[in-house]
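Heads up, the thing below is written out as C-alpha cells.
The values are calculated or read from the model by the stated rules, or taken from the named source; none is laboratory data. Predicted model, so just to flag it, every value in this text is computed and none were measured. Note: ideal-geometry Cβ built from the backbone for every residue, glycine included; neighbour counts use all protein chains shown. Each accessible area value is taken on the protein alone, full model and side chains, heavy atoms only, with ligands, DNA and RNA left out. Shrake-Rupley method; radii C 1.70, N 1.55, O 1.52, S 1.80 Å.
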Amino acid sequence: MASIKDVAAVAGVSVATVSRVLNDHPSVSADARKRVLTAVEALGYRPNAVARSLRTDQTRTLGLVISDVLNPYFTELARSVEEEARALGYSVIIGNADERPDLQDHHVRTLLDRRIDGLLVSPTDGGSPLMLDAARAGTPMVFVDRWIKGVDVPVVRADGQEAVRDLVAHLYGLGHRRLAIIAGPAATTTGSERVQAFRRAMAEYDLPLPDAYTGQGDFQAESGRRVTEGFLDLPEPPEVVFAADNLMALGALDAIRARGLRVPEDIALAAFDDIPWFVHTDPPVTAIAQPTGELGRAAVRALVDRIEGRPPESVALPARLVVRRSCGEPPAAGRPPAPDRPPAPDQSPATNEPLATNRSKP
C-alpha cells in the first residue's frame with residue numbers, strides 16, 4: 001500500500017506539501033497541487049483516516065441513532081441524512097434503537113467512544129440521562145423528529161398541528177362524527193403532540209372524543225392491530241380510525257380486513273406519516289405527510305454548523321394533509337357539501353365554504 005512518502009517522491013515535493021494538498025490548504029501552488037493529485041491517483045493512495053483524526057481531533061464522521069429502521073419514515077430520513085452528510089464531506093454511522101431506550105443508549109455510547117464529530121438522535125423516550133450528560137459535556141448534538149424536553153440542543157422536526165386540524169376538517173366535511181385515534185407512546189414528544197393536536201381539532205369542531213375512542217399504541221404494527229380490534233368490539237364502533245404513525249395504520253388495516261370490513265364503506269382510515277406504499281393499497285390511504293427528506297438535510301446542516309463553530313438553529317417544517325379515498329368520497333356533484341367548520345348557531349351550513357379535498361399546506 002502506498003504511503004504519503006511514496007506520493008511525495010513521485011510528485012517531487014515534500015511530505016508537508018502532500019499533506020497540505022490533501023487538506024485543501026490554499027498555500028500550495030497550482031503546479032504542485034496538480035503533481036500531487038496525479039501521484040495520488042497513479043499510486044492509489046488513500047489517507048489514513050485514523051491517523052489524521054488523531055492529528056486534527058476530527059473524524060469527519062457523524063452518528064445517527066434512529067428509532068426504528070423498519071419504519072419507512074426513518075429509512076427515508078436516514079437516507080437523506082447520509083446524502084447530505086456526504087455532500088458536506090462527512091460519513092455517517094447509523095444505529096437502530098428499535099424503539100428501545102436501552103438499545104438507543106448503547107448506540108449513543110458506542111458512537112461517542114468512536115470519537116464521532118457530532119450526533120443526530122431521534123429519541124425513543126423522554127428521559128435518557130446519557131443524552132443529557134452528553135449535551136452538558138458539549139457533544140455537538142441535534143435532535144431530529146423527536147426531542148427530549150429540558151435538553152438544550154437544536155431540534156429539527158415537522159409541525160403537524162395544522163395538518164391534523166386539516167384532517168379533522170376533511171373528515172367533518174365528509175360527514176364523519178365518531179373519530180378515534182391510535183396514539184403513539186406518551187413518553188415520546190411526537191406521541192404526545194399528535195394526540196394533543198387531535199384533541200384540539202376535535203374540540204374545535206365540537207366533536208366528542210370519549211376514552212373508548214383513544215387507544216394507546218407504541219408506533220408498531222401490532223399495537224395498531226390490537227387497538228383497532230378493541231375499537232371494532234365496541235357497541236358503537238368509530239366511523240374513522242386515525243393512526244398516529246404509518247406502522248400502526250398498517251396494523252389497523254389488517255384488523256379491519258380480518259373482520260371482513262371494507263375501507264371506507266364500513267370504517268374509514270387515516271394515518272400520520274405518508275409513505276410510498278399508501279398509494280398502492282385499495283383504497284389509497286389518506287395521510288399526513290412530513291417533509292422527511294428536508295428534515296434529514298436540515299438536521300445535518302444544523303449539526304455541521306455546531307461542529308464547525310457556527311450557531312445552529314432549531315427548525316420546524318410544516319406537515320401537510322394528503323387526501324386519498326380511504327376516508328370516503330367527496331360529496332357528489334349537485335349535492336351541497338358539508339361545511340369545513342361547524343356552523344355558528346345562527347348560520348346555515350350552506351353559507352360556509354366547502355373544504356377542498358386536495359387541500360395542503362405549502
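About its Cα centre, the dipole of the stretch 119-175 is roughly 80 debye, where the only charges are +1 on Lys and Arg Cβ and -1 on Asp and Glu Cβ.
Output the 0 to 90 degree angle, nearest 10, between the alpha-carbon long axis of helix 246-258 and the longest principal axis computed from the alpha carbons of the chain. Helix 246-258 and the main axis of the chain meet at about 40 degrees.
Ranking Gly215, Ala287, Ala169 by how far each Cα lies toward the positive end of the dipole of the chain (charges on Cβ) leaves Ala287 at the top.
Helix-only arithmetic for the chain: the sum of -39500 (n - 2.57) across DSSP H runs with n ≥ 4, divided by the residue total, places the mean residue ellipticity at 222 nm at -12500 deg cm²/dmol. Cα extents for the chain along the principal axes, largest to smallest and rounded to whole angstrom: 87, 43, 38.
Once backbone amide H atoms are built at 1.01 Å from N, Ile288 has Ala271, Phe272, Asp273, Asp274, Val322 as its partners under 5 Å, excluding neighbours fewer than 5 places away on the same chain.
So, with +1 on the Cβ of K and R and -1 on the Cβ of D and E, and no other charges, what is the size of the charge dipole of the chain about its Cα centre, to the nearest 20 debye? If you can, show how the numbers build up before the last one.
Details: 41 positive and 48 negative charges, 269 e Å.
Once rounded to the nearest 20, the dipole reads 1300 debye.
Considering only Ser326, Ser29, Ser122, the Gaussian network model of the chain with Cα springs below 10 Å gives its largest mean-square fluctuation to Ser29.
Can you give the charge dipole size of the stretch 196-314 about its Cα centre, rounded to the nearest 20 debye, using +1 on the beta carbon of Lys and Arg and -1 on the beta carbon of Asp and Glu? The partial results should precede the final answer.
Values: 11 positive and 20 negative charges, 74 e Å.
Here the stretch 196-314 has a charge dipole of around 360 debye.
Take each peptide in 183-193, 244-254, count the other Cβ atoms within 10 Å of every residue, and average; sorted highest first, the result is 244-254, 183-193. Is the C-alpha gyration tensor of the stretch 46-189 telling us rounded, prolate or oblate? Criteria: a/c under 1.5 is rounded; beyond that, a/b larger than b/c is prolate, otherwise oblate. Since a/c reaches 1.5 and a/b is larger than b/c, the shape of the stretch 46-189 is classed as prolate. Computed over protein heavy atoms with a 1.4 Å probe, the carbon and sulfur contribution to the accessible area of the chain reaches 51%. Based on protein heavy atoms only, the chain ends up with 47 Å² per residue of surface accessible to a 1.4 Å probe.
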